[in-house]
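Below is one structure; the comments refer to it alone.
Nothing in this text is a laboratory measurement; each read-out follows from the coordinates by a stated rule. Here the structure is a predicted model, which is why all the values come from computation and not from measurement. Positions of Cβ are generated from backbone atoms using ideal geometry, with glycine treated the same way; all protein chains shown enter the neighbour counts.
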Amino acid sequence: MSDFILIDGDIVMFMPSFAAATVIVQPGKLAGSGPATIGGKKICVDGDESKVSVPGCMYMTPQYSIPGTGTLKISALAGDQKAKHTNTGGKPVLLKGGNFTAKFEVQSPAKQPPPAPGPPIPDATPQYSGNGMFVTTNMKATGT
């Protein structure tokens, strides 16, 4: 099935729910590296998604209510987000598709208020898993 081809500058939207963690998400941007262009912007190809990184996002969990921070990244594309037939520069182009798998890497852990006088207890989970989607400005060119 054909879908819109992703291009340089397209938006990466992350969902705020990452398992037990709620992240105050910020959008990321794709940087296209394919040789072909659409409307003067480079096409995004397989591998460009791995360069998306959105640092400095706050998060908390029901147990760890003092916010921490981390970085949002794409961990895996959905099956319909990498073209099977459309290529540029020998690499499959990226398609809008459904939802990708995202990861939230903790840099500064959220903390649990202490039950008694003493320091807060930090969240020991180094990474949370969630989802996201692409928002493209390309409404003309499609790939399969």
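Computed values, structure above
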| read-out | value |
| --- | --- |
| Members of region 9-32 that are more than 16 Å from Gln81 (Cβ to Cβ) and surrounded by 20 or more Cβ atoms within 10 Å (Cβ to Cβ) | Phe18, Ala21, Val23, Val25 |
| Subset tally (residues that are surrounded by 15 or more Cβ atoms within 10 Å (Cβ to Cβ) and in a strand (DSSP E or B)) for region 121-144 | 11 |
| Where Gly79 falls short, out of the listed (1) part of a loop (DSSP other than H, G, I, E, B); (2) touching a residue at least 24 places away in the same chain (Cβ under 8 Å); (3) surrounded by fewer than 19 Cβ atoms within 10 Å (Cβ to Cβ) | (2) |
| Hits in region 15-32 - residues which are touching a residue at least 24 places away in the same chain (Cβ under 8 Å) and of a type in the set (Gly, Ala, Ser) | Ser17, Ala19, Ala20, Ala21, Gly28, Gly32 |
| Condition check for Val12: in a strand (DSSP E or B), in contact (Cβ under 8 Å) with a residue 40 or more places away in the chain and closer than 14 Å to Val135 by Cβ | yes |
| Qualifying residue in region 33-42 (condition: assigned to a loop (DSSP other than H, G, I, E, B), touching an Asp or Glu at 6+ places or on another chain (Cβ under 6 Å) and either among the polar types (S, T, N, Q) or loosely packed, with under 13 Cβ neighbours inside 10 Å (or both)) | yes |
| Some residue of region 43-62 being touching a residue at least 60 places away in the same chain (Cβ under 8 Å), under 18 Å from Pro120 (Cα atoms), part of a loop (DSSP other than H, G, I, E, B) and over 18 Å from the mean Cα position of the chain (by Cα) | yes |
| Filtered residue count, region 85-107, keeping only those that are touching a residue at least 60 places away in the same chain (Cβ under 8 Å) and within 11 Å of Asp3 (Cβ to Cβ) | 6 |
